[in-house]
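See below for the structure under consideration.
The values are calculated or read from the model by the stated rules, or taken from the named source; none is laboratory data. Quick caveat, the model's predicted, so the values are computed rather than measured. Cβ atoms come from the backbone with ideal geometry, glycine included; neighbour counts cover every protein chain shown.
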Amino acid sequence: MQPIPEIVSAAATMATVRRDLHAHPELGFDVHRTAEVVANLLEQWGISVHRGLGRSGVVGAIKAGSSARAIGLRADMDALPIQELNRFAHASRHAGKMHACGHDGHTAMLLAAAQYLANRRDFDGTVYLIFQPAEESGGGARAMIEDGLFEKFPMQSVFGMHNWPGLAVGDFALSAGAVMASSNEFKITLRGKGGHAAMPHMALDPVPVACQMVQSFQTIVSRNTRPIDAAVVSVTMIHAGQVSNVIPDRCELQGTVRTFSLSVLDMVEQRMRTIVHHMAAAYGMECKFEFARGYPPTINSALEVEGARRVLMDVVGAEHVQVQEPTMGAEDFSYMLRIKPGCYCFIGNGDGAHRADAHSSSSGAGPCLLHNASYDFNDALIPLGATYWVRLVETWLAVAKS
C-alpha cells in the first residue's frame, strides 16, 4: 500500500473528526450539525462551499488550471435509527441513532482528500466534493439532483465509495455493470369475511389465500425470471387476526422486491399484480395491491470502472483489487449513475478486530457488520480511501504535458 505521506500525517486529526461525527449521528435530511462541520472545514481550507443543496447537502468546489473538465466525488452523511451497543468513548450520544453503516468514515475520507487537494491542486480542472444527506432513506441523492446538482456543478463523471466489512483492509472491489440492486416495497390488503373459527364455511378466510400468495410469488423467481437474471421477492410481514377462535376479515402482507434491472422489475411487479388480483377473485375476496418503487439498480459504467481500477492497482497493487460481487443491497448513488457515468466501489473494512477493546465489554456483542448495533468504521481506512480519491482526481484531471 502506498498512501500519500501528507494524508497519513493528518490521519489522526481526521480520525478525531470521524469519531466526533460518530458520537453525534443525525438521520435522513436532518444532518445539519454534520453538514456544518463539513462546510466549516472546507472553508478553512480555502474551498468554495455551497450549503443546503437537496435541503441539507454540501458541495465543495476545488479548481486548478484552466480546463473545463470536472469530476464529482460523493460521500454520504446520515446515520441509522439504531440503538448503539458499543460503549467506547465515541459511541453515539443520541438514543436510537447510530452511524452503523460507516457514513461518518465516508465523510472523513472525502474530507481528508479535500484538504490535500486544496493544498496541492496538482490537477487541471475542477473537483466537486458532494456530501449527501438521506442515503439510508429519503433519497438524498435524488433530492440533490432535483435541486440542480449537475446543472450548478457540471461534471463529466461521478464516483462513490462504501466500506465493506469482511473485505480485508487494503483491498478494494469494483466491477462494471450492476453492482447493487433496486429496492422496492409492496403492500397487499386482502378483505374477506370474518367468522367463528369452528364454522369456516360461513366465512371468507383471507389467511390461507395470503399463504398461497406467498408461495406463488416464489414461482415468479423460479419460473418467470431467466435463471441468469437475479430477483428476490421477500414477504416480510403478515398481519391478520387478534384472537385464536375468530377468522379475521382482512389480512395484510408487506415485503420487498429487489432486482438488478428495471426490465426484470417490471415483469415481477406485473406478475405479482396478476397473481394477487386473480387469486383474490378466485376465492371471492377483494384486494388492494400497492407497489412503491425505491432506489434503482446501481450500475457502474465500464470506462470509469477501468480508469478507477488502474488507479487502485497503482495505490494498493493488483492483488488487492478484487472483483466486486453484486449485492442485493440498495444504494441511492444509483440516481447519480442514471444521469452521469461513474463508478461505485467497495473499500475493505476488515473483520472487526479494529474496534476499540474489541474483545471487552466496550464493544457490542454483535459482529462488525453494516446496519449492526456493534458496528464501527475502521479509521485505518481514512488515509487509504483519501489516497484513492486524490490519485483518481490527479489521473482523471491530469495536467497536460508540454
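Any residue in the range 52-69 that is without any contact (Cβ under 8 Å) to a residue 40 or more places away in the chain sitting within a Cβ distance under 9 Å of a residue that is outside any strand (DSSP E or B)? List the pairs, counting only those 6 or more apart or interchain.
Taking only residues 6 or more apart or on different chains, the pairs are 52/35; 52/147.
If only one of 84, 6 is closer than 22 Å to residue 386 by Cα and not hydrophobic (A, V, I, L, M, F, W, C), which one is it? Please lay out each step first, then the result.
Working: 84 fails: closer than 22 Å to residue 386 by Cα.
Going through 84, 6 in turn, just one is closer than 22 Å to residue 386 by Cα and not hydrophobic (A, V, I, L, M, F, W, C): 6.
With (1) crowded, with 22+ Cβ neighbours inside 10 Å; (2) without any contact (Cβ under 8 Å) to a residue 60 or more places away in the chain; (3) touching a Leu at 6+ places or on another chain (Cβ under 6 Å) as the list, and residue 188 as the residue in question, which single condition is left unmet?
If we test residue 188 against (1) crowded, with 22+ Cβ neighbours inside 10 Å; (2) without any contact (Cβ under 8 Å) to a residue 60 or more places away in the chain; (3) touching a Leu at 6+ places or on another chain (Cβ under 6 Å), just (2) comes out false.
Has the range 182-196 got at least one residue that is under 30 Å from residue 389 (Cβ atoms) and in a loop (DSSP other than H, G, I, E, B)? If you could, list the steps in order and put the result at the bottom.
We begin by selecting, within the range 182-196, every residue under 30 Å from residue 389 (Cβ atoms); these are 182-183.
Next cut, in a loop (DSSP other than H, G, I, E, B) only: 182-183.
The answer is yes, given that some residue of the range 182-196 is under 30 Å from residue 389 (Cβ atoms) and in a loop (DSSP other than H, G, I, E, B).
Look at residue 17 and say whether it is among the β-branched types (Val, Ile, Thr), within 25 Å of residue 381 (Cα to Cα) and assigned by TED's automatic domain parsing to the domain that holds residue 129. So that I can check it myself, show each step before the final result.
Numbers: among the β-branched types (Val, Ile, Thr): yes; within 25 Å of residue 381 (Cα to Cα): yes; assigned by TED's automatic domain parsing to the domain that holds residue 129: yes.
For residue 17, the condition - among the β-branched types (Val, Ile, Thr), within 25 Å of residue 381 (Cα to Cα) and assigned by TED's automatic domain parsing to the domain that holds residue 129 - is met.
Can you name the residue in the range 60-78 that is under 20 Å from residue 109 (Cα atoms) and among the small types (Gly, Ala, Ser) and, of all such residues, is surrounded by the fewest Cβ atoms within 10 Å (Cβ to Cβ)?
Step one: filter the range 60-78 for residues under 20 Å from residue 109 (Cα atoms), giving 60-63, 70-78.
Next, from what is left, pick out any that are among the small types (Gly, Ala, Ser): 60-61, 70, 72, 75.
On the way: 60: 26, 61: 16, 70: 19, 72: 23, 75: 27.
Filtering first and then ranking leaves 61.
Residue-by-condition table, conditions (1) surrounded by fewer than 19 Cβ atoms within 10 Å (Cβ to Cβ); (2) touching a His at 6+ places or on another chain (Cβ under 8 Å); (3) touching a residue at least 24 places away in the same chain (Cβ under 8 Å):
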| residue | (1), (2), (3) |
| --- | --- |
| 80 | no, yes, yes |
| 84 | no, no, yes |
| 88 | yes, no, yes |
| 106 | no, yes, yes |
| 123 | no, no, yes |
| 126 | no, no, yes |
| 134 | no, no, yes |
| 154 | yes, no, yes |
| 181 | no, no, yes |
